[in-house]
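Each remark here refers to the structure printed beneath this line.
The values are calculated or read from the model by the stated rules, or taken from the named source; none is laboratory data. Quick caveat: nothing in here was measured; it's all calculated off a predicted structure. Every residue, glycine as well, gets a Cβ built from its backbone with ideal geometry; the counts of neighbours run over all protein chains shown.
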Amino acid sequence: MTRILLVEDEPTIAAGVRDDLELEGYSVEVVTDGASAATKGLQGQYDLILLDVMLPAKDGFTVCRELRAAGVRTPVVMLTARGQEVDKVLGLELGADDYITKPFSRRELQARVKAALRRGVITSEQPAQVYEFDDIRIDFGRCQAWRGSRPIDFTAQEFKLLRALLAHRGQVLTLDQLARQVWGESAFISDRVIYTHMNNLRNKMEADPQKPRHLITVRGMGYRFDY
């Protein structure tokens, strides 16, 4: 059974979200503070983490940062307040895969959870695909990457973006094409989400992120990977 960790300190919201998810057949565990969320998340026993931003003991941003720094790849969906765009951008920069703005409908919750779970599936049956360019080596089969001998800490979504771009290297992929290939047909992904992930990739991969050699923006169209 799919296991979801719900981190929410508001009892009414936590109860409603838990009930909705359990009706869909998910197993849901609820914790109400950031310290407990970090401890549970590090155990790696969940398929998805729904993580509120404003939490006692430790905020959601700190929890997300700590999990990613520890190498936890579990998909994380942040729960943010309406209109707090800075929260959404910061969460994505720290390694979150998506966000839901409160208040949200049951339908939106279900769609985003399903999309995040699809993105988090590890297809171990597929053969490893290794790409090397400059001093960078990317092994998609193991979901690992290195610059020289130093590991690069890509998020799950960043790996998926790279895979899509490398699979079509030299070709332009539009924002719509990237959204469908990486997040799925039913995901509600804004252009800003893709911009944020691409900027993160450049900061991690490019020698000069302001003058990228590989992750190329094609104005008015999308992105292209060159090497």
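Give me a count of the residues in region 118-135 that are at pLDDT 80 or above and buried (at least 16 other Cβ atoms within 10 Å of the Cβ). Within region 118-135, residues that are at pLDDT 80 or above and buried (at least 16 other Cβ atoms within 10 Å of the Cβ) number 1.
Determine if region 77-96 includes at least one residue that is among the basic types (K, R) and buried (at least 18 other Cβ atoms within 10 Å of the Cβ). Taking every residue of region 77-96 in turn, at least one turns out to be among the basic types (K, R) and buried (at least 18 other Cβ atoms within 10 Å of the Cβ).
Evaluation of Y99 against the conditions (1) of a type outside the set (V, I, T); (2) touching a residue at least 24 places away in the same chain (Cβ under 8 Å); (3) under 20 Å from G184 (Cα atoms) shows that the sole unmet condition is (2). For region 64-81, the count of residues that are touching a strand residue (DSSP E or B) at 6+ places or on another chain (Cβ under 6 Å), among the small types (G, A, S) and either not assigned by TED's automatic domain parsing to the domain that holds A187 or not in a loop (DSSP other than H, G, I, E, B) (or both) is zero. All told, I216 falls short of being at pLDDT 90 or above and either under 21 Å from T74 (Cβ atoms) or assigned by TED's automatic domain parsing to the domain that holds M78 (or both).
Residue by residue through region 167-188, note down the ones that are free of Cβ contacts under 8 Å to residues at least 40 places away in the same chain and in a loop (DSSP other than H, G, I, E, B). Of everything in region 167-188, just one residue is free of Cβ contacts under 8 Å to residues at least 40 places away in the same chain and in a loop (DSSP other than H, G, I, E, B), namely E185. Of all the numbered requirements in (1) at pLDDT 90 or above; (2) in a strand (DSSP E or B), I138 misses one, and that requirement is (1). Among the residues making up region 16-55, those that are in a loop (DSSP other than H, G, I, E, B) and either without any contact (Cβ under 8 Å) to a residue 12 or more places away in the chain or hydrophobic (A, V, I, L, M, F, W, C) (or both) are Q43, V53, M54, L55. Taken over region 13-38, the residue count meeting the criterion of being more than 22 Å from F61 (Cα to Cα) and among the hydroxyl-bearing types (S, T, Y) is 2.
Listed here are the residues, each with its yes/no results for (1) farther than 20 Å from T101 by Cβ; (2) of a type in the set (D, E, K, R); (3) in contact with a His (Cβ under 6 Å, 6 or more places away or on another chain); (4) modelled with pLDDT of 90 or more.
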position	(1), (2), (3), (4)
S149	yes, no, no, no
I152	yes, no, no, yes
T155	yes, no, no, no
Q171	yes, no, no, no
T174	yes, no, no, yes
A179	no, no, no, no
F188	no, no, no, no
Y195	no, no, no, yes
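Residues that are surrounded by 14 or more Cβ atoms within 10 Å (Cβ to Cβ) and assigned to a helix (DSSP H, G or I) within region 198-217 comprise M198, N199, N200, L201, R202, K204, M205, listed in sequence order.
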